[in-house]
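Let me begin by presenting the structure, written as structure tokens, before commenting on it.
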Amino acid sequence: MKGEGAGRADLHVHSAASDGVLAPAELVRRAVALGLAGLALTDHDTQAGLAEARAAARGRRLVFVPGIELSAEDEDGVEVHILGYGVPESGGPLAELLERMRAARAERMARMIERLRRSGLPVEEEDVAREAGGAPPGRPHLARVLVRMGRARDVADAFDRYLAPGRPGYEPRPKLSPEAAVRSVRAAGGVAVWAHPGPALGKARLSRLVAAGLGGIECFHPDMTAEDTGRALQAAEAHGLAATGGSDFHAEGERVPLGSVTVPVSVALELLAAARHELA
Ligand code: AMP
Ligand code: ZN
Ligand code: FE
Ligand code: FE
């Protein structure tokens, strides 16, 4: 193995099964080509890409970790994303929650399109549906359509102008509490990790999530400042939690590249081991 990827794992990646653009097998192929030793697929609200990624990783020198990302919101309105690692794809209460979240995404997207149309942007529902390609629709799909319509320079610009909270196209997501998200992941046998906590990482919030069964904190992420990362590492250490990290890669040319934020592959193995007793 050559290069910077050797011994490293990118544990936060989205595929076309949610709001990324690359197929799960293509992500695995690229991770291997980059020399990464581990990869987790963490699509929003769906496990639909996991089987393909797992199959593509078979026989390669790559530790594959199945994952999921849930977007929750705390009582004070702060967004809290929860990653679930090592969750079996076997139905049960988590699958029902995911199903509800996906249905809510479809309704929310219809409202966002309607809002944009009312503010003079004639977004076509079919264009967004084609962009999503059957995946649970998310703002990045809408952003890419707006870019193609020439209404935004790039995806980041589309968020700034239209899709961020307070902008004309924004609609909130259904309310899911962070504790409920953590508990659902735990009950399904997975390890729950607080994704990119940033400045939202406070003592009280962390204590509540730990009490709900939190198993890790995503300490390395493009949105985390050096200070955020420092506090997250300290908190993980203090509570005996895994310190995870990843690029949150969605598409080439959007935000940061695949494999640009990594942790030692031992963290991937740690997550799998922690989930395994429940997976068996
Ligand atoms: P949604 O789940 O539909 O609310 O969309 C959230 C997704 O949009 C997340 O996966 C983020 O990676 C992405 N996102 C949020 N803010 C931005 C931004 N300013 N620029 C690009 N992508 C963003
Ligand atoms: Zn996303
Ligand atoms: Fe997130
Ligand atoms: Fe993400």
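A few remarks follow.
- Qualifying residue in the stretch 33-40 (condition: without any contact (Cβ under 8 Å) to a residue 24 or more places away in the chain, surrounded by fewer than 17 Cβ atoms within 10 Å (Cβ to Cβ) and within 16 Å of ligand 1 (Cβ to nearest atom)): no
- Test: residue in the stretch 85-103 that is touching a strand residue (DSSP E or B) at 6+ places or on another chain (Cβ under 7 Å), within 21 Å of Pro136 (Cβ to Cβ) and modelled with pLDDT under 95: yes
- Flag for Val182 being over 24 Å from Ala40 (Cβ atoms), away from ligand 4 (no atom under 16 Å from the Cβ) and modelled with pLDDT of 95 or more: no
- Members of the stretch 174-187 that are within 14 Å of Glu79 (Cβ to Cβ) and surrounded by fewer than 17 Cβ atoms within 10 Å (Cβ to Cβ): Pro174, Lys175, Ser177
- Every test in (1) acidic (Asp, Glu); (2) surrounded by 23 or more Cβ atoms within 10 Å (Cβ to Cβ); (3) in contact with a Lys or Arg (Cβ under 9 Å, 6 or more places away or on another chain) is passed by Asp74 save one, and that test is (2).
- Close Cβ contacts (under 9 Å, 6 or more residues apart or on different chains) running from residues in the stretch 241-262 that are free of Cβ contacts under 8 Å to residues at least 12 places away in the same chain to residues that are within 12 Å of ligand 2 (Cβ to nearest atom) and in a strand (DSSP E or B) comprise Pro257/Phe249.
- Among residues of the stretch 259-280, those that are at pLDDT 95 or above and open to solvent by less than 20 Å² (accessible area, probe 1.4 Å), counted: 4
- For first residues located in the stretch 1-24 and within 12 Å of Pro136 (Cβ to Cβ) and within 12 Å of ligand 1 (Cβ to nearest atom), partners that are at pLDDT 95 or above and of a type in the set (S, T, N, Q) and lie 6+ apart or on another chain with Cβ distances below 6 Å form the pairs Ser18/Thr46.
- A single member of Val128, Val80, Val155 is under 21 Å from the mean Cα position of the chain (by Cα), under 21 Å from Arg255 (Cβ atoms), without any contact (Cβ under 8 Å) to a residue 40 or more places away in the chain and open to solvent by less than 40 Å² (accessible area, probe 1.4 Å), and it is Val128.
- Residue check, Ala192 buried (at least 20 other Cβ atoms within 10 Å of the Cβ) and within 16 Å of ligand 2 (Cβ to nearest atom): no
- All positions within the stretch 45-55 that are open to solvent by 20 Å² or more (accessible area, probe 1.4 Å) and in contact (Cβ under 8 Å) with a residue 24 or more places away in the chain: Gln47, Ala48, Ala51, Glu52, Ala55
To keep it simple, each residue is scored yes or no on (1) modelled with pLDDT of 95 or more; (2) within 16 Å of ligand 2 (Cβ to nearest atom); (3) more than 15 Å from Leu271 (Cβ to Cβ).
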| residue | (1), (2), (3) |
| --- | --- |
| Ser18 | yes, yes, yes |
| Glu26 | yes, no, yes |
| Arg29 | yes, no, yes |
| Ala51 | yes, no, yes |
| Arg60 | yes, no, yes |
| Val65 | yes, no, no |
| Ile68 | yes, yes, no |
| Val80 | yes, yes, yes |
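- Just one of the listed residues (Arg208, Arg255) is at positive phi and open to solvent by 70 Å² or more (accessible area, probe 1.4 Å), namely Arg255.
The values are calculated or read from the model by the stated rules, or taken from the named source; none is laboratory data. In this text, all values refer to a predicted model and were calculated from it rather than measured experimentally. In this analysis, Cβ positions are derived from the backbone assuming ideal geometry, glycine residues included, and neighbour counts consider all displayed protein chains. Calculation scope for accessible area: heavy atoms of the full protein, side chains included, ligands and nucleic acids excluded. Shrake-Rupley method; radii C 1.70, N 1.55, O 1.52, S 1.80 Å.
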